[in-house]
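Throughout, read-outs are computed from the coordinates displayed, never taken from laboratory work. Everything quoted here is computed from the prediction, not taken from an experiment. For neighbour counting, all protein chains shown are included, and Cβ atoms are generated from backbone atoms with ideal geometry for every residue, glycine included.
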Amino acid sequence: MSTSELLEMRDVHVTYRTSEGELPAVRGVDLTVRRGQIVGVAGESGCGKSTLASTVLRLQAANAMVSGEVLFDGQDVLTMRWGDLRAVRWVGASIVFQGALHSLNPVHRIGAQIAEPIQVHAPGLAEGRVRERIESLLEQVGLDPARARSYPHQLSGGQKQRVMIAMALACDPQLVVADEPTTALDVMVQAQVLGVLSGLVRERGLGMMMISHDLSVLGDLCDRITVMYAGRVVEEGPAEQIFADPLHPYSAALSAAFPRVGDPSARFAPSGLPGDPPLPWDLPGGCTFAPRCPRAAEVCLPAEPVLTSYGEGRAAACVRIGQPDETQHHGSPGEVAS
Amino acid sequence: MTLAAADPGLVTAESEPEVRPRRRGYASYVGLKVLGSIGSLFFMLVVNFFLFRVLPGDPAHTLGRGRLSTEAQVEAFNKTYGLQQPVWQQFLTFLHNTFTGQLGISVQYRLPVSQLIADRMVPTILLVGTSTILATVIGVYLGIRGAWGRGSRFDKVTTGTSLTLYAMPEWWLGLLLIAALGVGFWIFPGVFPTGGLHSPDVDPNSLKGVLDTTWHLVLPVTTLTLAYLADYSLIMRSSLLDELGEDYLQTARAKGLRDIQVRNRHAVRNALLPTTTIVALNIGFVVSGAITVETVFSIPGLGLLATDAIQVPDFWVLQGTFLVASAGVIFANLIANLLYGLLDPRVRT
């Protein structure tokens, strides 16, 4: 309980070693989560957000090289001894995994799977107390406590995701990392699950790092948002502002891709972003977003823009902010990049 | 505020479509499997009966080797064994006799087949049972260690050895073991007996006799174990390798479990499912392996009884040993199925 910074990531790089060479997945990310704060991480598939999340509990794949610092409560998770890491895992920080369908073990009962971290970290706890705890956790996520005796295949997708949430709260962690907690669910269930999750996190004053590709979800739930593109942070700031008034053209595109409910103008003009994110082994020179950027110009090409402060706790990495559009002088973004 | 409107307090318990657990449970699973086994058993009886009726050669003439030539003698023989009756009547008699434990009289030994089988069953059960248990336990252990440390020296050595053993026919492996450890080679003397189940001068019912029998079983059990543990270790290794990428292992690691707990509670538990199936399917091959191994090591078991019966040919002995061997395989498969139901909750509901 030394600082108000619960999680502090400093210049985190993650590179995968593969047979085809080295793939840089995360390239120098800084991110801070304070106690009681919900921080969103947004970006398309492959932008490195899940890889970043895996470093919080040092769960990255065996072929991943990680550098930088991931400070949990002031201690570096990446270099700490196994005994300390074990204490951080699930007691300090827990994860609500993407795709609850496969994150639960099919051959164990729900109750046993929720009980497992409690038994691992508090081995002396009486069996009756563990059972009471499981029942109360299931009730908190809106499930019948009798479900503890069910197997995962007997539950629906939304119920499984709630079990994951109950499991994540089992050891009263200070930080919850939610890695696309609702991707596999339909919209109605999504809203319920997100409501349960954020409600419990707020109620307990926990810190949360919430990863999603859906900026509209993050805009509603989070205090701050970090937008990632091709392994780097392109914009960072208060959630409402990033969603309502994005600085970076990529944030703007993400924001426009998910129209807000109740906004008729957005509903009739949904806009996607053409093209795909760059491949990690073939990053374009200069600004990595330039080939897809509607505002790309000559100034974007020489160097990759650095994250620059724009006041009010906002920062973005784009050299075109504040510059006028010169749409007449260049053709399609593709030509600029070539 | 769009999605945050879903206040957690408003989410009532079980507000989404229900997937109720169907409580059919293990009892009905067991019932189904037992019924299935009874069906297999009956089908096996039918095959067992007709297989020996379509074999070429008339029993009376084959057994007489040309000497039993008069019409009256042939007729008397056929009457003794009921061969003059129509086939369907023979089949009904066969069913009746089988269920009352009468398996016919051996033409070779002049003894009831049921008594012969009872006498010869013990060595075979000892051989097949011990080898199956040893092969499964050792094979599964090697497979787990190999897959969990894939690419390690241990993995490379066990995979290489397993592939070599897997390629060997068990009778050849048995002969090699007899040559190396029974007869002895170069300056090394032979240690183990080369065949049989008892030494002639030892009372088989004394403690010394039991130890003597165990000593005799070392080489044949080793042969069968080596021949099948290779199979099981390769299968366990590949099913565990398939589990390694599963998301629930990442969940287990994130919970702070030790590597060994992640392996044993989560990965191995799931990898055992395909292995159980293969072990069950393999029991039939182990029984056939036992026949050749018993022949190689001259062990007076069911296998040797069957091989000897083929030479004569002693139909009722053959029929009886086939019956017992098939029933044994069906029973072993039933046990494996019941075990599978215990291991995997998904097949029960």
Taking the alpha-carbon distance from B:Lys79 and a cut-off under 21 Å, which lysines remain once sequence neighbours fewer than 8 residues away in the same chain are dropped?
none
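So how do B:316-324, B:272-280, B:144-152 stack up, highest first, on mean other-Cβ count within 10 Å?
Details: B:316-324: 22.8, B:272-280: 19.2, B:144-152: 17.4.
Top to bottom by mean Cβ count within 10 Å: B:316-324, B:272-280, B:144-152.
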For the protein assembly as shown, give me every cysteine whose Cβ has no other Cys Cβ within less than 4.7 Å, ordered by residue number.
A:Cys47, A:Cys171, A:Cys222, A:Cys293, A:Cys318
Under 19 Å Cα-Cα from B:Lys255, which lysines qualify once same-chain neighbours fewer than 8 residues away are excluded?
A:Lys160
When Cβ neighbours within 10 Å are restricted to other protein chains, what is their mean count per residue of peptide A:102-110?
6
Work out the charge dipole of chain B with +1 on the Cβ of Lys and Arg and -1 on the Cβ of Asp and Glu about the Cα centre, then indicate which of B:Tyr166, B:Pro204, B:Ala180 is farthest towards its positive end.
B:Tyr166
In what sequence do A:Ser67, A:Ser19 fall when counting other Cβ within 10 Å, fewest first?
A:Ser19, A:Ser67
Among A:Asp245, A:Asp76, A:Asp30, which one moves the most in a GNM of chain A with springs linking Cα atoms closer than 10 Å?
A:Asp245
In region A:36-112, the trypsin sites (Lys or Arg not before Pro) that fall in loop regions by DSSP, at most 12 other Cβ within 10 Å
A:Arg81
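To the nearest 20 debye, what charge dipole does chain A have about its Cα centre, counting +1 at the Cβ of each Lys and Arg and -1 at the Cβ of each Asp and Glu?
Values: 28 positive and 38 negative charges, 208 e Å.
It comes to approximately 1000 debye.
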I'd like the FRET efficiency for A:Ser156 and B:Ile187, computed as 1/(1 + (r/R0)^6) with the beta carbon distance as r and R0 of 56 Å, rounded to 0.05.
0.20
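Quick one: dipole size for the protein assembly as shown, taken about the Cα centre, charges +1 on Lys/Arg Cβ and -1 on Asp/Glu Cβ, in debye to the nearest 20. Provide the component values of the computation, followed by the final result.
On the way: 53 positive and 61 negative charges, 399 e Å.
Value, rounded to 20: 1920 debye.
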Gaussian network model of chain B, Cα within-10 Å springs - most flexible of B:Tyr166, B:Tyr232, B:Tyr81
B:Tyr81
How do A:Met65, A:Met164, A:Met9 line up, fewest other C-beta atoms within 10 Å first?
A:Met65, A:Met9, A:Met164
Span-rule helices in chain B, defined as complete DSSP H runs reaching 30 Å or more along the axis (Cα) with Kyte mean at least -0.5
B:25-54, B:113-148, B:207-243, B:269-296, B:315-343
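Counting other beta carbons within 10 Å of each residue's own, what order do B:Val157, A:Val201 fall into, fewest first? Show your work: numbers first, answer last.
Working: B:Val157 12, A:Val201 24.
Taking fewest neighbouring Cβ atoms as first place, the list is B:Val157, A:Val201.
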Roughly how crowded by other chains is peptide A:180-190, in terms of the mean Cβ count from those chains within 10 Å of each of its Cβ atoms?
1
Choice from B:Thr214, B:Thr100, B:Thr164 with maximal GNM fluctuation in chain B (Cα, 10 Å cutoff)
B:Thr100
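Report the longest stretch of chain B that contains none of the GluC sites (Glu not before Pro) sitting in a DSSP loop with at most 14 other Cβ atoms within 10 Å.
Working: sites that count: B:Glu14, B:Glu18.
Result for the longest clean stretch: B:19-349.
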